[in-house]
1. Quick one: how many residues across the range 57-91 are closer than 14 Å to Arg9 by Cβ, assigned to a loop (DSSP other than H, G, I, E, B) and in contact with a helix residue (DSSP H, G or I) (Cβ under 7 Å, 6 or more places away or on another chain)?
2. So, in the range 102-152, of the ones that are of a type in the set (S, T, N, Q) and under 17 Å from Ser7 (Cα atoms), which residue ends up surrounded by the most Cβ atoms within 10 Å (Cβ to Cβ)?
3. Show the residue pairs meeting these rules: Cβ distance below 8 Å; 6+ apart or different chains; first residue within the range 53-67 and more than 15 Å from Ser94 (Cα to Cα); second residue surrounded by fewer than 12 Cβ atoms within 10 Å (Cβ to Cβ) and of a type in the set (S, T, N, Q).
4. Quick check on the range 80-101: of everything there that is of a type outside the set (A, V, I, L, M, F, W, C) and under 18 Å from Glu39 (Cβ atoms), which residue is surrounded by the fewest Cβ atoms within 10 Å (Cβ to Cβ)?
5. Which members of the range 1-38 meet the condition of being at pLDDT below 85 and of a type in the set (Val, Ile, Thr)?
6. Looking at the range 114-133 only, could you name the residues that are outside any helix (DSSP H, G or I) and either in contact with a Lys or Arg (Cβ under 8 Å, 6 or more places away or on another chain) or not β-branched (Val, Ile, Thr) (or both)?
7. Considering only the range 22-40, state which residues are of a type in the set (A, V, I, L, M, F, W, C) and either assigned to a loop (DSSP other than H, G, I, E, B) or in contact with a Cys (Cβ under 8 Å, 6 or more places away or on another chain) (or both).
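The values are calculated or read from the model by the stated rules, or taken from the named source; none is laboratory data. None of the values given here were measured: they were computed from a predicted structure. Here the Cβ positions follow ideal geometry from the backbone for every residue, glycine too, while neighbour counts run over all protein chains shown.
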Amino acid sequence: MSEDADSFRTMFIFSPPEGTPQGWGLTFPSFADALRAKEPEAVVESWSGQYTGETLSFQFRTSSGEINEGMMGVEPNGVAIEDCTAAEAADFVSWLQQAIVPADSGLMVNIREGVEWELPLVELRSGTLAELEQCLVEHVDQVLRHEEEQLG
């Protein structure tokens, strides 16, 4: 495993399984309400971009106190958290699984570099915070190894 995988900072992108773009029934109000239930002072702002469409920007405070910025979209459903490590992303995805993702729906993940290399999404199963972090570190490691192989 790459020594950098656990400390590598990137954007983590979470979505419902392929073929179910509305799989979470996600709306801006439902996401904002769930985030504010966790943290009443959470910063949430909606905006529209030419290429991104309607987007909701937010800040998420991890259990260690780190504040990460993220964004979510409705069509298709998906959430991204920016500039974070696998540990910070695991904290976010743990909340996401509890507060947003319906019990009968799956959760897929990729990182920015995986998308750039057109690598497939990876299914992320429920688990402890340590198990989620391990899964994310392994995915980051796979993507970094792929990138290293491609670039020589």
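1. 2
2. Asn110
3. Glu54/Ser48; Thr55/Ser48
4. Filtering the range 80-101 for residues that are of a type outside the set (A, V, I, L, M, F, W, C) and under 18 Å from Glu39 (Cβ atoms), the one surrounded by the fewest Cβ atoms within 10 Å (Cβ to Cβ) comes out as Gln98.
5. Listed by number, the list holds a single entry, Thr20.
6. Selection gives Trp117, Glu118, Leu119, Pro120, Leu121, Glu123, Leu124, Arg125, Ser126, Gly127.
7. Trp24, Leu26
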